[in-house]
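The numbers here are math on the coordinates, done by the rules we state, and not lab data. Every value quoted in this text rests on a predicted model; they were computed, and no experiment measured them. Methodologically, a virtual Cβ is constructed for each residue, glycine included, from the backbone with ideal geometry; neighbour enumeration extends over all protein chains shown.
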Amino acid sequence: MRKKFKKDQFPLHIIDIIFIVVGSFVAAVSFNIFLLPNFIVSGGISGISTILNSLYQWNPSVVQLAFNVPLLVLCFIALGKEAGFKTILGSLILPAFIGLLNFMEPLTMNPLLAAIFGGITTGIGLGFVFKAKGSTGGTSIIAQIIHVYLKLPLGTSMALIDGVVIFAALIAFDAETVMYSIISLFVISRTIDIIQVGFNRSKNVMIISDQAIEIRAAIYQNINRGVTNLRITGGYGNNKKEMLMCVIGEREFTYLRETILEVDPDAFVVVMSASEVWGRGFTMAKDSTIENV
């Protein structure tokens with residue numbers, strides 16, 4: 001009998017492979033036309049390879065492959081087989097792309113432009129790879145482990161690890177070059193977070209008011225957003241109250257604030273950032289009628 005395989009039995013999915021390959025290609029292009037010619041140490045193994053290339057003229061693609069082998073073992077242990085397979089793909093294909101594209105001429109020899117635009121393109125490439133839950137190997141493996149176990153954003157995790165590499169660049173380069181590298185690292189980390197989360201930021205608004213019913217009706221009418229009712233108990237008077245929770249886009253926040261103040265100027269409101277929201281009204285179409293959630 002012919003054996004059937006389920007989709008999740010395969011270690012790699014085609015969309016993940018595409019993201020990893022395209023992301024690795026973009027990062028390799030950025031390395032060759034922006035970072036390496038301008039001695040921008042963007043952190044990670046690529047940054048180490050830039051330092052060693054400057055000091056000893058070692059081939060960056062060979063250096064990256066040499067460092068990736070022990071880190072791949074760590075990836076299999078800490079992140080599991082699926083992440084390990086994806087990391088093998090990224091850690092092999094990125095150095096390969098760097099070696100194949102080393103004929104490319106620098107796009108600019110202005111270190112500030114290289115730091116900014118190299119940071120953007122590198123961040124886009126790594127963001128695609130991370131979106132597929134993959135890795136390009138190197139210290140990004142350590143960043144992913146920190147992300148999984150300490151729940152830090154990937155961009156922040158990379159900034160912590162790669163910051164050490166950047167300051168190690170003082171061995172080979174002057175302070176000005178290191179400062180440009182810090183700019184590049186910041187741009188890379190922010191770009192990765194944007195690729196992961198997107199540009200559309202949301203706000204999670206908590207509202208405590210004696211006129212909760214009126215505020216809820218006003219939000220439905222003026223903003224067309226759903227509201228969740230939460231039963232709470234006041235800590236001081238031990239009184240039973242209702243708290244309203246409403247998730248809105250950043251652009252709608254001003255309208256929401258005005259709506260609340262019109263109904264109850266004394267309402268107690270807490271606003272928190274919601275970096276990732278999905279569901280009806282955000283990633284799915286809203287119904288014409290609003291229902292309580």
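Observations on the structure shown:
- Debye equation applied to the C-alpha atoms of the range 13-197, log10 I(q)/I(0) at 0.13 Å⁻¹: -0.56
- Here the contact order of the range 13-197, divided by its residue count and restricted to Cα pairs under 8 Å and six or more residues apart, works out to 35 percent.
- Other residues with beta-carbon under 12 Å from the beta-carbon of SER181 carry, at +1 per Lys or Arg and -1 per Asp or Glu, a net charge of -3.
- Peptide packing: for 264-272, 186-194, 28-36, the average count of neighbouring Cβ atoms within 10 Å per residue gives the ranking 28-36, 186-194, 264-272, highest mean first.
- Cα-derived Rg to Rh of the range 156-250, Kirkwood definition: 1.32
- Dimensionless Rg over Rh [the range 102-175; C-alpha; Kirkwood]: 1.02
- Rounded to the nearest angstrom and listed largest first, the equivalent-ellipsoid semi-axes of the range 202-274 from its Cα gyration tensor are 20, 13, 11.
- Residue order, fewest to most surrounding Cβ atoms within 10 angstrom, among GLU262, GLU176: GLU176, GLU262
- Which of ASN239, ASN224, ALA274, positive extreme of dipole for the range 202-274 (C-beta unit charges): ALA274
- Other residues within the sphere of radius under 15 Å centred on the Cβ of LYS241, judged by their own Cβ, net out at -2 (K and R +1, D and E -1).
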